[in-house]
Amino acid sequence: MAKRTSGGPVRLAKRTADRVLVTLFGPRWLQFRARRVWDRHAKTRSLDATASHDATDAETYWHSGQRDWALVLAVANQAGLPARALAIEIGCGLGRLTRLAAADFGRVIGLDISPEMLKQARIQANAANISYEVVGTDARIPSAAKTVDLVYAWTVFRHMSKAMFARYLDEAHRVLKPGGLLGFEALIRDIGDRADPTASDPDTEREYSSEELKAYAQRYGYEWAADQLIPSLTAGTHNLVIAWRSR
């Protein structure tokens, strides 16, 4: 469940510090800071930090990936997935979904900002047609333009700033083939104040409105092709698994 933060001087100070650092260094600061956080999670609580809500141990952790990958693939198919030659996962963590995608695609690239996560993924979720690569502070996706059928992310965009979200939207659009798909899930709150965490808060999950996401799709060159509603644990929100088609 997402942690709703309260106001106060500490939160204000963190927001002020974030604004200063982002002004000085741009999204690269956010990516650098996130890498430190997720490297620490990889060393101390890798399953818990990358788990779905019902993954209580190693067995249920890996098993839960089957359901989540099936949701991504179902929405992608509904949107008209053009081919299954190459898929790229943003924020692959330990490879919970990556190893399943490898059974459906000719080749899969799992990307993560955390080298520590990828060390574990290469051991626990490897296959001949999977390659794991670290995303740099520029968030550049390591693929040539217009070569990818599906870019997907699961419970990843909710943990990053809007500036980094926009950067990944740009990059996904660059590498996707015309008609290729971006698949992801989002935590939606259409009524009331939405959680808008600072970059100094790695735990609170960012919420979007439906209209806000539609505006992002249009601004970054996508059309909203398909979606599926799934349960949310956060009161007043709903989760959507979404597929956007690259224009």
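General remarks:
- Qualifying residues in segment 133-153 (those that are over 21 Å from Lys177 (Cα atoms) and either touching a residue at least 24 places away in the same chain (Cβ under 8 Å) or more than 15 Å from the chain's Cα centre (by Cα) (or both)) - the one surrounded by the fewest Cβ atoms within 10 Å (Cβ to Cβ): Asp138
- Scope segment 97-125; condition farther than 29 Å from Pro82 by Cβ and among the polar types (S, T, N, Q); matching residues: Ser114, Gln120, Gln124
- Taken as a whole, the structure leaves Glu207 outside the set of residues that are surrounded by fewer than 19 Cβ atoms within 10 Å (Cβ to Cβ) and of a type outside the set (Lys, Arg).
- Residues of segment 79-118 classified as buried (at least 24 other Cβ atoms within 10 Å of the Cβ), in a strand (DSSP E or B) and not aliphatic (A, V, I, L, M), total: 3
- A single member of Ala217, Ala128, Ala235, Ala225 is farther than 27 Å from Leu94 by Cα and free of Cβ contacts under 8 Å to residues at least 12 places away in the same chain, and it is Ala235.
- Residues that are charged (D, E, K, R), in contact with a helix residue (DSSP H, G or I) (Cβ under 9 Å, 6 or more places away or on another chain) and not in a strand (DSSP E or B), drawn from segment 166-198: Arg167, Asp190, Arg194, Asp196
- So Arg206, is it part of a helix (DSSP H, G or I) and closer than 18 Å to Gly91 by Cβ: no
- Scanning segment 94-152 for residues that are within 25 Å of Phe32 (Cα to Cα) and of a type in the set (Phe, Trp, Tyr) yields Tyr132, Tyr152.
- Residue check: Glu59 meets all listed conditions (1) part of a loop (DSSP other than H, G, I, E, B); (2) over 30 Å from Thr137 (Cβ atoms) but one, namely (1).
- Check on Asp68, surrounded by 15 or more Cβ atoms within 10 Å (Cβ to Cβ) and either in contact with a Lys or Arg (Cβ under 7 Å, 6 or more places away or on another chain) or closer than 22 Å to Lys119 by Cβ (or both): no
- Test: residue in segment 119-129 that is not small (Gly, Ala, Ser) and not in a helix (DSSP H, G or I): yes
- Scanning segment 74-99 for residues that are within 14 Å of Ala153 (Cβ to Cβ) and touching a residue at least 40 places away in the same chain (Cβ under 8 Å) yields Val75, Ala76, Ala87, Ile88, Glu89, Ile90, Gly91, Cys92, Gly93, Arg96, Leu97.
- Every residue from segment 140-168 that is of a type in the set (A, V, I, L, M) and farther than 20 Å from Ala101 by Cβ: Ala145, Met160, Ala163, Met164, Ala166
- Ser52 being buried (at least 17 other Cβ atoms within 10 Å of the Cβ), modelled with pLDDT under 90, touching a Gly at 6+ places or on another chain (Cβ under 9 Å) and closer than 19 Å to His159 by Cα: no
The values are calculated or read from the model by the stated rules, or taken from the named source; none is laboratory data. Just so you know, these numbers come straight off a predicted model, no measurement behind them. Ideal geometry is used to build each Cβ from the backbone, glycine not excepted, and the neighbour counts take in all protein chains shown.
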